[in-house]
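Structure first, commentary second.
The values are calculated or read from the model by the stated rules, or taken from the named source; none is laboratory data. Given the structure is predicted, the values throughout are model-derived calculations rather than measurements. Reconstructed Cβ throughout: ideal geometry from the backbone, glycine too, with neighbour counts over all protein chains shown.
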There are 2 protein chains.
Amino acid sequence: MTDTVHDGVEPLDFEGWVCPVPLRDTGSVMMGHGGGGAMSAELVEHLFLPAYGTAASSELGDSAVLGIGAAGTRLAFSTDSYVVKPMFFPGGSIGDLAVNGTVNDLAMSGAVPLYLSTAFILQEGTALADLGRVAEAVGAAARAAGVRLVTGDTKVVDSASGDGVYLNTSGIGLVPDGVDIGPRRARPGDAVLVSGDIGVHGVAVMSCREGLEFGTAVESDTAPLHGVVADMIATGADLRVLRDPTRGGVSASLNEIARASSVGIDLVERALPVPVAVRDACSLLGLDPLQVANEGKLIAIVPSGSADQVLAALRAHPLGRSACRIGTCVPEHPGMVVARTGLGGSRVVGLPIGEQLPRIC
Amino acid sequence: MTDTVHDGVEPLDFEGWVCPVPLRDTGSVMMGHGGGGAMSAELVEHLFLPAYGTAASSELGDSAVLGIGAAGTRLAFSTDSYVVKPMFFPGGSIGDLAVNGTVNDLAMSGAVPLYLSTAFILQEGTALADLGRVAEAVGAAARAAGVRLVTGDTKVVDSASGDGVYLNTSGIGLVPDGVDIGPRRARPGDAVLVSGDIGVHGVAVMSCREGLEFGTAVESDTAPLHGVVADMIATGADLRVLRDPTRGGVSASLNEIARASSVGIDLVERALPVPVAVRDACSLLGLDPLQVANEGKLIAIVPSGSADQVLAALRAHPLGRSACRIGTCVPEHPGMVVARTGLGGSRVVGLPIGEQLPRIC
C-alpha cells in the first residue's frame with residue numbers, strides 16, 4: 001500500500017484497487033452488474049436512480065425503513081431475487097436461501113421479520129418434484145424463522161428463456177422503538193465484529209458448480225439472523241451498523257459502510273475467521289475469502305466500549321459461537337478498508353468490481 | 001348449456017369446460033402453470049400450499065391485508081413478477097406494467113398504495129439503453145401513481161439463461177379504516193360492473209409478438225386504478241369485491257369470485273364492452289375476449305341498489321368513462337359464470353385452463 005491511501009482521495013478513482021466502472025462503455029448488461037460490487041453500485045447510481053428520478057428514495061438499498069400509519073410505527077421493507085445455480089447445493093437450496101436472505105435484510109435494520117411474499121419465475125420443463133422440494137424448503141425456512149408467507153405469484157417462461165427456478169422474496173418487518181441502525185452511523189474508534197466464519201456459502205456453491213467440482217466438506221451457512229440481532233439489541237448497546245455480507249462478501253459490506261459513514265476501517269488480517277477449507281478452496285480458485293459470499297453471518301459496528309458485551313451476546317447464540325472482533329473504525333483513509341498483515345504491512349481491501357463467480361445467490 | 005350446470009356440481013369436475021388439471025401427470029412445469037387460470041390455481045393449491053404448510057396463509061392471493069403495529073393499522077402487501085415479451089409494446093412497457101400492476105393489486109383491497117420495491121433479473125447482453133428506458137418508465141409510472149420506490153435488487157443471469165428483463169415489483173399500501181373488500185363478499189343480487197373496454201392489453205401485446213404481427217390500432221390500457229377506487233370508496237357504497245382482470249381476463253376473475261363467494265354470476269353477453277378491434281383480433285386468433293388480459297380495468301361487485309351511484313363515480317373518472325354493468329350475482333349455479341346470449345341462450349364462461357398465449361404480463 002502506498003502513502004496516497006491516506007490522502008482522502010475519492011475511493012472510486014484510487015489507482016489500482018478499483019477502476020472507474022465502465023457503465024457507459026459496456027453498452028450492455030454484464031455479469032458483473034449483478035455481483036454486488038462496484039458495477040452493481042454504479043448501475044444503481046448512474047442508471048436506476050437518475051431514471052427513477054423523484055420517485056426514488058435516495059439510496060435504494062437492500063432494505064428501507066418506512067414510517068407508516070399513526071403512532072410512529074416503523075416498517076422495514078426489503079426485496080431480493082435469487083438465481084443461484086445449482087438450485088440445490090451443499091447445506092441448502094434456493095428455497096431456504098430466499099427466505100433467510102430476506103429475513104436477514106430485514107434483521108440488519110433491527111426489524112422483527114413478520115411477512116414474506118414469494119414470486120417464482122419458472123422455466124417450462126422444470127421438474128415439479130424439484131419445484132416441490134424448493135417450495136418445501138421455503139416453508140421449512142419460514143417456519144424456522146417465524147415468518148408468514150402471505151402472498152405470491154408464479155410466472156412461467158419458455159424453456160429457452162429461463163433456467164429452472166428464479167425466486168423473489170420480499171418482506172415486511174417491524175422496527176422496535178428506539179432502535180436506530182444504519183450504514184451512516186459508524187464512528188472512528190468503533191469496533192468491527194463478525195458473527196463467525198466467513199466465505200462459507202460461496203465456497204459451498206462453487207464446489208458443486210458444473211465444471212468446477214472440487215472436494216470440500218463445506219456446507220452453506222444459510223440461516224436466519226434476526227434471533228441473533230434480537231439478542232444483541234437486548235444488551236442495550238448502541239448497535240451502529242449491521243450488515244449481512246452476501247454478494248461481494250465482507251469486503252463489499254465494509255467498503256459500503258466506510259463510504260456511507262466516511263470512516264476508514266482497519267482490519268487485523270490474522271483475526272479474520274477463515275476456515276481452512278475455505279482458505280484452501282480460495283487458493284485453488286484464486287479468490288480472496290473477504291470477497292466470497294456469506295448467507296448466515298453478520299458484521300456489526302459498535303462502540304469500542306460495548307464490543308465485549310456484544311461479543312458475549314453473539315457467542316451465547318448458536319449462530320454466533322465463533323464471533324470475533326476483526327477491526328476498528330479509524331479517522332484515517334475515510335471510505336477505505338485496509339487490512340493490516342501479520343508482518344507489519346498493509347493492503348487495501350477493495351470493493352469488488354464485478355463478481356468472482358456469477359449466480360452464487 | 002345443459003341443465004346440469006345448475007346442479008351445483010363442483011365446477012372443477014364439470015364436464016366439457018374445465019378438465020381436472022393434470023398437475024401430478026405433467027411431471028414438469030408447463031406454460032399454463034403461469035397463465036392465471038385453472039392450472040395456476042392448482043399449482044398453488046396442490047403444490048405451494050401443502051409444501052409451505054403452516055407457514056402459509058390460507059390463500060396466497062394477489063395481495064394480503066395484514067394487521068401491523070398498534071392502533072389497528074392494516075397494510076396491504078402484494079408481489080408480482082413481470083416477464084412480458086416483448087418488453088416494449090403498443091401503449092407501454094414492462095416498466096409501467098410492473099408499477100401499475102402492483103399498484104392495482106393493492107388498490108383492489110381498497111388500499112392506498114405507498115411504497116414499491118423493484119427487483120430486476122437481467123439477461124447478460126441486454127442493451128443498457130433498453131434497461132434505461134424500462135427504468136425511466138418505472139420512474140414515470142411511480143410518479144404518476146404517487147408511490148415511492150424505496151428498495152431494490154439487481155441480479156444478472158448469463159445470456160443463455162434469461163430473456164432481456166424480468167422485473168418483480170412488491171408493494172405496500174395502507175387500508176383505510178372501515179374499508180372491507182374481499183373475494184368472499186359477493187352476495188346474490190349484487191351487480192357486476194366493469195370500468196371499461198376489455199381485452200385491450202392482451203391484444204396490444206399479441207399484435208406485436210414475433211410471428212403473430214397483425215395490424216391493430218389497439219394500445220395497452222396499463223394504468224394505475226387506485227384513484228378510481230378512492231372515488232368509488234368516497235361514494236359510501238358497500239364495495240363487496242374489486243378485481244383487476246389481468247391474466248385469464250374477466251373470465252378468470254369472475255370465476256374466482258363466484259367460487260370464493262359461492263354465488264353464481266350471470267353475464268349479459270351483449271353488455272360486455274368489447275372494442276371492435278379486440279373482437280376482430282380475437283376472431284382472427286380464435287380467442288375469447290373474456291379470457292384476454294387487461295391491465296387498466298377493474299371489476300366491481302356492489303349491492304344492486306348502489307350500482308348506479310358507483311357507476312356514476314366510475315364514469316366521472318378518466319379511467320372509468322366507459323364503465324357499465326355487465327351482470328348480476330345469482331343464487332343459482334354457485335361457483336359458476338354463465339353468459340346470457342342475445343338469442344335467449346346461454347353458455348358457461350369457464351375458468352381458463354392454462355393460457356391463450358404466454359408472457360402477456
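Quick notes on this one:
- Cβ-Cβ under 7 Å pairs, at least 6 apart or on other chains, region A:155-166 side more than 7 Å from every other protein chain (Cβ to nearest Cβ) and more than 19 Å from residue B:126 (Cα to Cα), far side β-branched (Val, Ile, Thr) and in a loop (DSSP other than H, G, I, E, B): A:164/A:126; A:165/A:126
- Number of residues in region B:167-192 that are of a type outside the set (Gly, Ala, Ser), within 9 Å of another protein chain (Cβ to nearest Cβ) and closer than 20 Å to residue A:101 by Cβ equals 3.
- Test set (1) touching a strand residue (DSSP E or B) at 6+ places or on another chain (Cβ under 8 Å); (2) crowded, with 19+ Cβ neighbours inside 10 Å - residue A:67 fails condition number: (2)
- Taken as a whole, region B:97-114 holds no residue that is hydroxyl-bearing (Ser, Thr, Tyr), crowded, with 24+ Cβ neighbours inside 10 Å and either more than 29 Å from residue A:72 (Cβ to Cβ) or at pLDDT below 95 (or both).
- Subset of region A:114-148 [touching a strand residue (DSSP E or B) at 6+ places or on another chain (Cβ under 8 Å) and more than 24 Å from residue B:121 (Cα to Cα)]: A:114, A:145, A:146, A:147, A:148
- In region B:56-90, residue nearest to residue B:162 (Cα to Cα) [restricted to those that are modelled with pLDDT of 95 or more, in contact with a helix residue (DSSP H, G or I) (Cβ under 7 Å, 6 or more places away or on another chain) and of a type in the set (Gly, Ala, Ser)]: B:78
- For region A:138-154, the set of residues classified as within 8 Å of chain B (Cβ to nearest Cβ) and over 21 Å from residue B:46 (Cβ atoms) consists of A:147 only.
- Which numbered condition residue B:126 fails, given (1) at pLDDT below 95; (2) assigned by TED's automatic domain parsing to the domain that holds residue B:330: (2)
- Number of residues in region B:142-167 that are over 27 Å from residue A:109 (Cβ atoms) and under 23 Å from the mean Cα position of the chain (by Cα): the value is 2.
- Residues located in region B:34-50, provided they are within 7 Å of chain A (Cβ to nearest Cβ) and more than 26 Å from residue B:242 (Cβ to Cβ): B:47
- Any hit, region B:213-220, residues being under 28 Å from residue B:270 (Cα atoms), more than 14 Å from chain A (Cβ to nearest Cβ) and without any contact (Cβ under 8 Å) to a residue 24 or more places away in the chain: yes
- The single residue among A:269, A:295, A:219, A:256 that is in contact with a Cys (Cβ under 7 Å, 6 or more places away or on another chain) and not small (Gly, Ala, Ser) turns out to be A:295.
- Test: residue A:220 is touching an Asp or Glu at 6+ places or on another chain (Cβ under 7 Å) and either β-branched (Val, Ile, Thr) or farther than 30 Å from residue B:40 by Cα (or both): yes
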